[in-house]
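S.K.: My questions all concern the structure below.
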Amino acid sequence: MDMAALNHDMNGTCCCQATQSTNADDIQKAVQFARKYNLHVTVRSSGHDYVGRSTWEGSFLVSLSEMDEMEIDLSTMRSPHGTVKVQTGIQWQEIYEKLNTLGRVVVGGSAHTVTPGGYMLGGGHSPVSRSLGYAVDNLLEAQVVLADGSIATATENRTVIVTLEGDIMYHENGDLFLALRGGGGGTF
Ligand SMILES: Cc1cc2nc3c(=O)[nH]c(=O)nc-3n(C[C@H](O)[C@H](O)[C@H](O)COP(=O)(O)OP(=O)(O)OC[C@H]3O[C@@H](n4cnc5c(N)ncnc54)[C@H](O)[C@@H]3O)c2cc1C
């Protein structure tokens, strides 16, 4: 984890401490650090949030902008059209460009610099929503780090949680998945 003394968002407000995460392990460490010192955490993928929820002044900022990988699978059984797996900090511009080379489109934002993290949590309105629905209508799976540092992988019918101690728990319901599909984050 790289630690920086100050971090400024697009509006010029600043957080007191920042950590740049590049994988789930980094995020787990950041969450544990924040719990240990009882810090107010904000999470930022792109910093587009209009009211500064991703850049709260005085907070411990977990920046995810370097989590910007994507994988395309056109032969998957999970969807007849293929799937795209993205990390939270990749910008829609890059996703569109890569999919376009394969003749595919994804339900994403109109602003190219918005990222899937907050966009998905807000439901995801798109220029193609009239025909293809909201982004969350097309979401198949989400992986998140929970407040206790566990990693949860959520689908419509099942949530698998791996705790910091390595224990695995299965929940045969889609409660977390439902909550992630528009239950948080910002929208316009
Ligand atoms: C110019 C512009 C154009 C836009 N166009 C569209 C559009 O076409 N369609 C649409 O639906 N919305 C649009 N929006 C709204 C945008 O989707 C929301 O502001 C969204 O919350 C931005 O998400 P982000 O990850 O890019 O921003 P951020 O500011 O990084 O995050 C926004 C919120 O989500 C949280 N968050 C981000 N990533 C994560 C994560 N991985 N885990 C947990 N929490 C996270 C942050 O803490 C914050 O509360 C637009 C906004 C702007 C500024």
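Read-outs throughout are calculated quantities, based only on the coordinates presented, and are distinct from any laboratory measurement. As the structure is a prediction and not an experimental result, all values here were calculated from the model. Virtual Cβ from ideal backbone geometry, glycine too; neighbours counted across all protein chains shown.
S.K.: Relative to the longest principal Cα axis of the chain, at what angle does helix 24-36 sit, 0 to 90 degrees, rounded to 10?
M.R.: Its long axis makes an angle of about 30 degrees.
S.K.: Using only the alpha-carbon atoms, what does the range 114-168 span along each of its principal axes? Please give whole angstrom values in decreasing order.
M.R.: 44, 24, 11
S.K.: Here's a follow-up. Over the Cα atoms of the range 36-98, each weighted equally, I'd like the Debye log10 I(q)/I(0) at q = 0.11, 0.16 Å⁻¹, rounded to two decimals.
M.R.: -0.39, -0.65
S.K.: Work out, in µm²/s and without decimals, the Stokes-Einstein translational diffusion coefficient of the chain at 20 °C, 1.002 mPa s, Rh from Kirkwood over C-alpha pairs.
M.R.: 124 µm²/s
S.K.: Next question, about the same structure. Taking Rh as the Kirkwood radius, which is the inverse of the mean 1/r over Cα pairs, what is the Rg/Rh value for the range 67-128?
M.R.: Using only Cα positions, Rg/Rh for the range 67-128 is 0.94.
S.K.: Taking neighbour Cβ counts within 10 Å as the exposure measure, how do Met70, Met77 sort from fewest upward? Walk me through the intermediate numbers first.
M.R.: Numbers: Met70 15, Met77 7.
By the 10 Å Cβ count, ascending: Met77, Met70.
S.K.: Tell me what the chain gives for mean residue ellipticity at 222 nm when only DSSP H runs of n ≥ 4 count, each as -39,500 (n - 2.57), the sum divided by the residue total, rounded to 500 deg cm²/dmol. Write out the running numbers ahead of the final one.
M.R.: Working: 5 runs with 38 residues, N = 188.
It lands at -5500 deg cm²/dmol.
S.K.: Sort out for me the Cα centre separation of the range 49-79 from the range 133-149, rounded to whole Å.
M.R.: One Cα centre to the other: 11 Å.
S.K.: Can you sort Arg104, Arg44 so the residue with the fewest Cβ neighbours within 10 Å comes first?
M.R.: If I rank by nearby Cβ atoms, fewest first, I get Arg104, Arg44.
S.K.: For the range 81-188, take every pair of Cα atoms, bin their distances at 10 Å starting from 0, and report each bin as a whole percent.
M.R.: Distribution as computed: 14, 44, 30, 11, 1 percent.
S.K.: Averaged over every viewing direction, what's the projected area of the C-alpha convex hull for the range 29-68? Give it in nm², one decimal, please.
M.R.: 2.9 nm²
S.K.: Provide the packing ranking of 132-138, 165-171, i.e. peptides ordered by the mean count of other C-beta atoms within 10 Å per residue, highest first.
M.R.: 132-138, 165-171
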